[in-house]
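Taking it in order: structure first as structure tokens, then the write-up.
The values are calculated or read from the model by the stated rules, or taken from the named source; none is laboratory data. In this text the structure is predicted, and so the values were computed from the model without any measurement. Every residue, glycine as well, gets a Cβ built from its backbone with ideal geometry; the counts of neighbours run over all protein chains shown.
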Amino acid sequence: MTRKRVYIAYTGGTIGMRRTRTGYRPEAGYLQQQMAAMPDLRNPSMPAFTIREYTPLLDSSNMTPREWVKIASDIAENYRRYDGFVVLHGTDTMAYTASALPFMLRGLAKPVVITGSQIPLCEVRNDARENLITSLLIAAGYDIPEVCLYFGG
């Protein structure tokens, strides 16, 4: 059986931050390092995925309609190549993005799952792992033709 393919749009947010002496900070490439170290993501039952990391990584408290258009355009440009989509997003404006994207992505026949976390993936105890894995499984395994939000089990 062919593995489903999911496109991950990593816009920023706590989920991919790195701990520093002064607190958590976004760092280019760090989320991919953390995900590469997750055995669950290499399980054959997991979908294949591609990550597009936005440059710069966005602080969701500064998210505006311009960024919503960028996310929607990114999904539209990759729509035919993937079975589903996951948007990794900061929590400050996640609900606003989840409300705006359906108006920009009309006629969806594939799932777009928005998620993030309160605690970064780099921490031993975090909500990021569950949110990421479940979002990937939803995006690849369910015929949900809409934008949805998965957060916190």
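Data for the structure
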item	result
Qualifying residue in segment 127-144 (condition: out of contact with any Pro (no Cβ under 6 Å at 6 or more places or on another chain), among the hydrophobic types (A, V, I, L, M, F, W, C), more than 18 Å from ILE51 (Cβ to Cβ) and assigned to a loop (DSSP other than H, G, I, E, B))	no
Flag if ARG66 is at negative phi, surrounded by fewer than 18 Cβ atoms within 10 Å (Cβ to Cβ) and in a helix (DSSP H, G or I)	yes
Matching residues in segment 22-63 - criterion: being in contact with a Ser or Thr (Cβ under 6 Å, 6 or more places away or on another chain) and either farther than 12 Å from THR97 by Cβ or loosely packed, with under 14 Cβ neighbours inside 10 Å (or both)	TYR54
The listed residue being of a type in the set (S, T, N, Q), at pLDDT 95 or above and farther than 16 Å from TYR150 by Cβ, out of THR50, THR2	THR50
Matching residues in segment 47-63 - criterion: being touching a strand residue (DSSP E or B) at 6+ places or on another chain (Cβ under 9 Å) and of a type outside the set (D, E, K, R)	PRO47, ALA48, PHE49, THR50, ILE51, TYR54, LEU57
One residue from THR55, THR50 being part of a strand (DSSP E or B) and without any contact (Cβ under 8 Å) to a residue 60 or more places away in the chain	THR50
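The rows are residues; the columns are (1) surrounded by 23 or more Cβ atoms within 10 Å (Cβ to Cβ); (2) β-branched (Val, Ile, Thr); (3) farther than 23 Å from TYR24 by Cα.
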residue	(1), (2), (3)
VAL87	yes, yes, no
MET94	no, no, no
VAL112	yes, yes, yes
CYS122	no, no, no
ILE144	no, yes, yes
